[in-house]
Amino acid sequence: MVAPTAKAPQAARSRVYLITPPKIDLATFRGDLARALDGGDVACVQLRLKDVADDEVRRATSALLPIARDRGVAFLINDRADLAAELDADGVHIGQQDHDYTTARGLLGPDRTVGVTCHDSRHLAMQAAEQGADYVAFGAFFPTDTKTPKSRAGVDLLAWWHELFIVPCVAIGGITAANCGELVRAGADFLAVIGAVWHHPDGPAAGVRDLNQAIVRAQD
């Protein structure tokens, strides 16, 4: 299983980190997710359901985790390390207001992924890396309709991190096939995307395909 847990070698390219929409209809989204993952390389899927009952996260995980796992794609849950542990997910992504890193790691153990939102903060990123985070996430890099960003990050932050640290970094926030090139060239290990895939006019498979083609062009 491929999870964002180790620094890619210099010759390796950036990879897609796919986040689910904030609201999903499982009756149709299962097919959408399968088509997206069949559209090209995806490192992991993050289930991001905010302000819903725990049972909704359980139902979604039960339906979607096997789709990812059948394709060798890691499945992470946003915010809830307790549910990630209970549901045998591959890991959790935590924000600064969610479970702290130590709690999340205690719930998930040493072998599953714990990634940490660090906004535009070098201090938070270094702190997370020192604690043992498997990746740090920076952003937002571009305007996004998904949520109101708490910070705007610059490409120089990715370049600085890539130059000095082994822990992988994820870029997030308004990333599309049209604008991802500078993030790839700066050293982003993973590109976290939502709208670029789920709102693609030709469907989610085309969204993943276009992102992967853009990554290849940026690294040629």
| message | Can you show me the helix-derived [θ] at 222 nm for the chain, built from DSSP H runs with n ≥ 4 at -39,500 (n - 2.57) apiece and divided by the number of residues, rounded to the nearest 500. | response | -12000 deg cm²/dmol
| remark: Cβ-Cβ cut-off under 15 Å around H200, Lys and Arg +1, Asp and Glu -1: the net charge is -3
| remark: Most fluctuating of A43, A84, A186 in the GNM of the chain (C-alpha, under 10 Å) is A186
| message | Past the 31 angstrom mark, what percentage of all C-alpha to C-alpha distances in the chain do you count? | response | 12
| Projected label distance in nm at D111 and H199, using a 7 Å step from Cα toward the beta-carbon | 4.0
| request: Sticking with the crude label model, points 7 Å out along Cα→Cβ, report the distance from D51 to E86 in nm, one decimal please. | output: 2.1
| In the neighborhood of A84, defined by Cβ-to-Cβ distances under 10 Å, what is the net charge if each Lys or Arg adds +1 and each Asp or Glu adds -1? | -3
| Helix hunt in the chain: which complete DSSP H runs extend at least 18 Å axially by C-alpha with mean Kyte-Doolittle at least 1.0? | none
| task | Please give the contour-minus-distance gain from I166 to D25: 0.36 nm per residue of separation, less the Cα-Cα distance, rounded to one decimal in nm. | result | 47.0 nm
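Bear in mind that the values in this text are calculations on the coordinates, not laboratory data. Here the structure is a predicted model, which means the values were calculated and not measured. Ideal geometry is used to build each Cβ from the backbone, glycine not excepted, and the neighbour counts take in all protein chains shown.
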